[in-house]
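Remarks on the structure that follows.
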Amino acid sequence: MTEAGSTIRARVPVIDRQGARSDKAAEHSEYVFRARSLTKTFGHVKAITDVSIDLKRGEVLALFGDNGAGKSTVTKMLCGVYTPDSGEIEINGTTVAMRSTRDAERHGVTVVHQDLALAPHLSVLENMFLGHEILRRGILGSFGVLSRSDMATRSNEALQRLSITLPSLSVAVQNLSGGQRQAVAVARASMWSRSGILMDEPTAALGTIQSDIVCTLIRDTANSGAGVMVISHDIPRILEIADRIVVLRHGGVALNEPVGGLQRRDIVAAMVGLSTNTAGEGEKK
Ligand SMILES: Nc1ncnc2c1ncn2[C@@H]1O[C@H](COP(=O)(O)OP(=O)(O)OP(=O)(O)O)[C@@H](O)[C@H]1O
Ligand SMILES: [Mg+2]
């Protein structure tokens, strides 16, 4: 028990110099995930058709596409929010069925949703650990115990890596600015991710400086060994940190290439279905 009298049980991760967590079970594959032929329909809307997408450890994968192209739907299938109608997701060489974001976290994948999914009435500290106290029950053998001060230390480290200053860890998330909330969501994901982080528009609510900081964090996170898939409409900023680009158009893959010589116009061309020299793959569909 702790001095604060609010002991919770927590998995004690191995934290490397960047704060990235490692896990024996998740360290085998070069890939965070490999998804094949994903399809998702909502009523009459074919949101995703035959999308194959991989994320490697150590890479930043940018997922671009116009509004409604299917980016969030793909992301939600990769983190257990939606079950694909067909197709499969392979993690560490095994096809997995993820039924919740906790399932995905067990497989090493953490998500920052477009709509954040923080609990507004709870404090920053409670949000940083939200869900993980429940995850731990039942398999006590491999688990440690974290005191509230340990939790605060861990949270502060994650927030400091983002250069985020908050009024306090005990402030309710609903009383933070939009940018501060986004930063808490990103810090939370970086704290719990083992092999991959999926970020749905992490800079959408942020100012210029905070956006740059989040982009630097994304690059640093990948450099320390995790794979990061980032959805964004901020093509120039994300091009600077990405290794590979996937463009979705009308629920299908219009472009999947290393960033190499790709320019903004190539990406926009793929988004709208036009061909350029480097965006020729976009015309397959
Ligand atoms: N829960 C849902 N029910 C019905 N239709 C949905 C649902 N979620 C997404 N869609 C539809 O699926 C398509 C893809 O939506 P999605 O949210 O994946 O797009 P997106 O690329 O993330 O767009 P944006 O850039 O605007 O966030 C859209 O036509 C959308 O209206
Ligand atoms: Mg979206």
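Couple of notes before you dig in:
- Scanning the range 181-202 for residues that are in a loop (DSSP other than H, G, I, E, B) and more than 16 Å from ligand 1 (Cβ to nearest atom) returns Ser193, Arg194, Ser195.
- In the range 50-70, residue farthest from Ile197 (Cα to Cα) [restricted to those that are more than 11 Å from ligand 1 (Cβ to nearest atom) and of a type outside the set (A, V, I, L, M)]: Asp50
- Subset of the range 27-49 [of a type in the set (Val, Ile, Thr) and either modelled with pLDDT of 95 or more or closer than 17 Å to Leu78 by Cβ (or both)]: Val32, Thr39, Thr41, Ile48, Thr49
- Residue match in the range 244-257 (condition: crowded, with 22+ Cβ neighbours inside 10 Å, within 22 Å of Arg194 (Cα to Cα) and at pLDDT 95 or above): no
- Residue ID - surrounded by the fewest Cβ atoms within 10 Å (Cβ to Cβ), chosen from residues in the range 102-129 that are within 16 Å of ligand 2 (Cβ to nearest atom) and not in a loop (DSSP other than H, G, I, E, B): Val111
- Of the residues making up the range 34-75, just one is free of Cβ contacts under 8 Å to residues at least 24 places away in the same chain and buried (at least 19 other Cβ atoms within 10 Å of the Cβ), namely Asp54.
- Enumeration of residues in the range 229-244 that are touching a helix residue (DSSP H, G or I) at 6+ places or on another chain (Cβ under 8 Å), closer than 17 Å to Val268 by Cα and in a loop (DSSP other than H, G, I, E, B): Ser232, Asp234, Glu240
- Check on Asp200, within 16 Å of ligand 2 (Cβ to nearest atom) and surrounded by fewer than 22 Cβ atoms within 10 Å (Cβ to Cβ): no
- Verdict on Asn92 being closer than 18 Å to Ile238 by Cα and not acidic (Asp, Glu): no
- Complete set of residues in the range 203-228 that are more than 16 Å from ligand 2 (Cβ to nearest atom), part of a loop (DSSP other than H, G, I, E, B) and either among the polar types (S, T, N, Q) or over 15 Å from Gln114 (Cα atoms) (or both): Gly207, Ser224, Gly225, Ala226
- Criterion violated by Ile245 - all others in (1) under 25 Å from Ser72 (Cα atoms); (2) free of Cβ contacts under 8 Å to residues at least 12 places away in the same chain satisfied: (2)
- So Gly68, is it away from ligand 2 (no atom under 16 Å from the Cβ), of a type outside the set (Val, Ile, Thr), in a loop (DSSP other than H, G, I, E, B) and farther than 9 Å from Lys40 by Cα: no
The values are calculated or read from the model by the stated rules, or taken from the named source; none is laboratory data. From a predicted model like this one, the values you see are computed outputs, not experimental measurements. Positions of Cβ are generated from backbone atoms using ideal geometry, with glycine treated the same way; all protein chains shown enter the neighbour counts.
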